[in-house]
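Enquirer: My questions will all concern the structure given below.
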Amino acid sequence: MPPVSTPDASSAPKITAEGLSRLDESSFISVLGDIFEHSPWVAEGAWPFRPFASADALHKRMVEVVRSASRRAQHDLISAHPDLAGKAAIAGEITDASKREQAGSGLGSLTPDEFARFQELNDAYKAKFGFPFIMAVRGSNKREILAGFVERLKNSPDEEFDRALGEIAKIADFRLHELIVD
């Protein structure tokens, strides 16, 4: 598998929660639109609740927006996430944050056999649940991620739907704390 290029998170611009709170709606959504993968509606839903005292306060509000959304909108949010070590990652069609997260867990340097195993598990997971496997992979390695796949394939669709939303909330928390200087 070819390596996934990884933009450097340390070079990303930073902003304070106060600075975010002063942005007009369009700018706010532009800055935060990919915190929840390709789902700017989450930032749009949080905007009216400004000001935010911290990244934690903003994260809490954004998670509330997701939790209060329709099941269809939640499913679309889950489905907006790329497969781990999937074809979109190889083609560079995922957000910069996803590239960093996947590469940081060793998913950018899989052997051909490991890559095939990820594809097999991605396919089995999607066949069972109807959406991609979501895991906040920061701090994990490829063995832990593969074990997560195997374990979670035993869950019910409702359990996995809720688990996916929880994992997405963790991912968003990492991303917000990478962006916001408190």
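The values are calculated or read from the model by the stated rules, or taken from the named source; none is laboratory data. All of these numbers come straight from a predicted model, not from anything done at the bench. Positions of Cβ are generated from backbone atoms using ideal geometry, with glycine treated the same way; all protein chains shown enter the neighbour counts.
Enquirer: What number of residues within the stretch 128-147 are part of a helix (DSSP H, G or I) and either surrounded by fewer than 18 Cβ atoms within 10 Å (Cβ to Cβ) or in contact (Cβ under 8 Å) with a residue 60 or more places away in the chain (or both)?
Expert: Taking the stretch 128-147 first, the residues part of a helix (DSSP H, G or I) are 128-129, 142-147.
The next check asks that each one be either surrounded by fewer than 18 Cβ atoms within 10 Å (Cβ to Cβ) or in contact (Cβ under 8 Å) with a residue 60 or more places away in the chain (or both); those that pass are 128, 143-147.
Result for the stretch 128-147: 6.
Enquirer: All but one of (1) more than 16 Å from Phe174 (Cα to Cα); (2) buried (at least 17 other Cβ atoms within 10 Å of the Cβ); (3) in contact (Cβ under 8 Å) with a residue 24 or more places away in the chain hold for Trp47; state the number of the condition that does not hold.
Expert: Result: Trp47 fails condition (3) only.
Enquirer: Limited to the stretch 18-53, what total is found for residues that are over 18 Å from the mean Cα position of the chain (by Cα), in a helix (DSSP H, G or I) and not charged (D, E, K, R)?
Expert: Taking the stretch 18-53 and keeping what is over 18 Å from the mean Cα position of the chain (by Cα), we get 18-28, 47-53.
Then drop every residue that is not in a helix (DSSP H, G or I), which leaves 18-22, 25-28, 47-49.
Those left that are additionally not charged (D, E, K, R): 19-21, 26-28, 47-49.
Here the count works out to 9.
Enquirer: Any residue in the stretch 18-32 that's closer than 15 Å to Met62 by Cβ: show its pairings with residues that are among the basic types (Lys, Arg) at Cβ separation under 6 Å, as long as the two are six or more apart or on different chains.
Expert: So the pair list comes out as Ser21/Arg50.
Enquirer: Could you please let me know if Phe161 is out of contact with any His (no Cβ under 6 Å at 6 or more places or on another chain), outside the structural domain of Ser54 (by TED's automatic domain parsing), modelled with pLDDT of 95 or more and aromatic (Phe, Trp, Tyr)? Lay out the reasoning, then the answer.
Expert: On the way: out of contact with any His (no Cβ under 6 Å at 6 or more places or on another chain): yes; outside the structural domain of Ser54 (by TED's automatic domain parsing): yes; modelled with pLDDT of 95 or more: yes; aromatic (Phe, Trp, Tyr): yes.
It is true that Phe161 is out of contact with any His (no Cβ under 6 Å at 6 or more places or on another chain), outside the structural domain of Ser54 (by TED's automatic domain parsing), modelled with pLDDT of 95 or more and aromatic (Phe, Trp, Tyr).
Enquirer: Give the residue that is surrounded by the fewest Cβ atoms within 10 Å (Cβ to Cβ), with candidates limited to residues of the stretch 54-79 that are of a type in the set (A, V, I, L, M) and under 14 Å from the mean Cα position of the chain (by Cα). Give the steps one after another, and end with the answer.
Expert: So in the stretch 54-79, the residues of a type in the set (A, V, I, L, M) come out as 55, 57-58, 62-63, 65-66, 69, 73, 77-78.
Going one step further and asking which of them are under 14 Å from the mean Cα position of the chain (by Cα), we end up with 62-63, 66, 77-78.
Working: Met62: 24, Val63: 19, Val66: 21, Leu77: 22, Ile78: 23.
Top of the filtered list is Val63.
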